[in-house]
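Q: Can you read through this structure? Questions will come right after.
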Amino acid sequence: MEQVNQGARETVYPQAAHSFYRTLSQIAISAVTPIAAVLVALAFGAALLWLNGFNGSDVVTVMIFGSFQDVRSFGEILLKATPLILIGAGLCVAFRCSIWNIGAEGQLYAGAIAATLVGTHLDGLSVWVHAPVVMLAGAIAGAAWAGIAGWLKVRFQASEIVTTIMLNYIALILTSYLVTGPMRDASAAYPQSARLIKEAWTPRIVSDMRLHIGILVAIVLAVALYIFLQRSSRGFALRVVGLNPHAARYAGMQVARNVMIAMCISGAMAGLAGAFEVAGVTHRLYQNISPGYGFEGIAVALLAGNNPLAAILSGGLFATLRSGSEVLQITSQVPQVLVLVIQGIVILSVVAFAKLRDVLRIVA
């Protein structure tokens with residue numbers, strides 16, 4: 001009997017050790033690859049600046065740390081991080097389900113339109129009622145806009161990449177039509193909607209800063225989505241569908257329903273980001289209200305490894321780079337084109353290292 005127990009221990013312990021080291025290596029890969037992606041991108045950016053006659057290291061330093069001059073500057077970083085965290089965390093859910101939602105930009109605009117309609121027409125409500133209603137309207141509109149692509153996916157097997165890209169264009173054109181036509185403020189010289197009722201504005205954290213409570217909502221929702229994916233039965237089903245839809249269907253899981261849920265969650269988060277932009281920043285709708293948050297959110301999700309919790313950090317990083325780019329254009333003679341090229345290099349590096357991370361996980 002003792003020899004049997006001894007043999008069992010000799011079999012179990014190596015397996016447990018191998019499993020432990022495999023888990024440890026995968027954690028290390030997940031932690032190192034995002035950092036490597038950013039460092040490689042910044043190195044290429046510095047080299048590009050040097051080739052154009054600029055001091056690459058100084059410019060990159062300003063780009064990263066130039067926005068941390070004071071509390072107000074840090075607040076602006078958090079303000080820009082809010083939509084990036086929301087969109088990135090939402091896209092993590094879709095990507096984990098292998099649904100490639102490229103339409104977060106259009107879903108953001110759908111949410112902004114709905115928030116504007118509710119924020120300019122409902123009256124007589126307190127800020128603690130009106131502001132949440134505006135946020136809810138934005139989330140519902142974003143989910144509905146994403147749901148169109150989701151329905152086309154499950155009903156006709158239409159590529160969600162194509163449909164979401166096309167819906168981006170439709171949302172942008174619809175916004176342009178509304179702010180130059182039915183929703184235009186007649187007293188404004190620039191095509192834009194009327195100002196939202198003040199009770200519909202998102203409350204600010206500090207009265208003399210633009211930073212609003214949206215950053216807190218974004219962090220809470222990112223944590224909630226992480227728990228949803230990792231600890232709930234529905235989140236488990238979404239992950240299984242993403243890994244192998246045929247196995248999920250064989251196990252009795254409703255693949256179509258899970259696809260719709262993943263798409264609508266990501267759309268709701270993007271729509272909420274649009275609502276916060278209208279109700280918390282601009283207080284009115286106009287053309288090009290988003291500087292590309294929907295597309296940048298894709299890189300946020302990829303850098304986070306499709307982990308909503310990590311999207312908080314990656315969203316903050318991209319917000320820092322965006323704020324640093326604005327400081328760079330003010331304090332130096334670096335052309336805006338070069339700044340945009342550096343941002344593009346960062347995104348390409350993130351995508352490349354995300355693929356490398358997946359390969360290393362398989363090998364490990």
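What follows is calculated from the coordinates using simple rules that are stated; it is not laboratory data. Since this is a predicted model, take the numbers as computed values, not measurements.
Q: Using Cα atoms only, what is the angle between the long axis of helix 160-180 and the major principal axis of the chain, expressed in degrees (0 to 90) to the nearest 10?
A: 20
Q: For the chain, modelled as a Gaussian network with Cα springs under 10 Å, which listed residue fluctuates most, ALA310, ALA275, ALA248?
A: ALA248
Q: Please report Rg over Rh for the chain, where both radii come from the alpha carbon positions and Rh follows the Kirkwood definition.
A: Ratio value, two decimals: 1.04.
Q: Which angle from 0 to 90°, rounded to the nearest 10, does the C-alpha axis of helix 214-231 make with the longest principal axis of the chain?
A: Between the helix axis and the principal axis of the chain, the angle is about 30 degrees.
Q: Sticking with this one: Which far-off residues, 5 or more places away or on another chain, put their amide H under 5 Å from the one on GLN192, with H placed in the peptide plane?
A: Residues meeting the criterion, in which the H sits 1.01 Å from N, are ASP185.
Q: Running a GNM on the chain with Cα contacts under 10 Å, which residue among GLY56, GLY138, GLY294 ends up with the highest mean-square fluctuation?
A: Highest fluctuation of the listed residues: GLY56.
Q: Where does the chain land at 222 nm, in deg cm²/dmol rounded to the nearest 500, when only DSSP H runs of n ≥ 4 count, each adding -39500 (n - 2.57), divided by all residues?
A: Theoretical 222 nm ellipticity from helices: -26000 deg cm²/dmol.
Q: How much length is gained if the chain between ALA251 and SER159 is pulled fully straight, taking 0.36 nm per residue apart and subtracting their Cα-Cα distance, in nm to one decimal?
A: 30.7 nm
Q: Looking only at ILE87, ILE345, ILE265, which one moves most when the chain is put into a Gaussian network model with springs between Cα atoms under 10 Å?
A: So, out of ILE87, ILE345, ILE265, the one fluctuating most is ILE345.
Q: Using alpha carbons only, how many degrees (0 to 90, rounded to 10) separate the axis of helix 233-243 from the longest principal axis of the chain?
A: Tilt relative to the chain: about 80 degrees.
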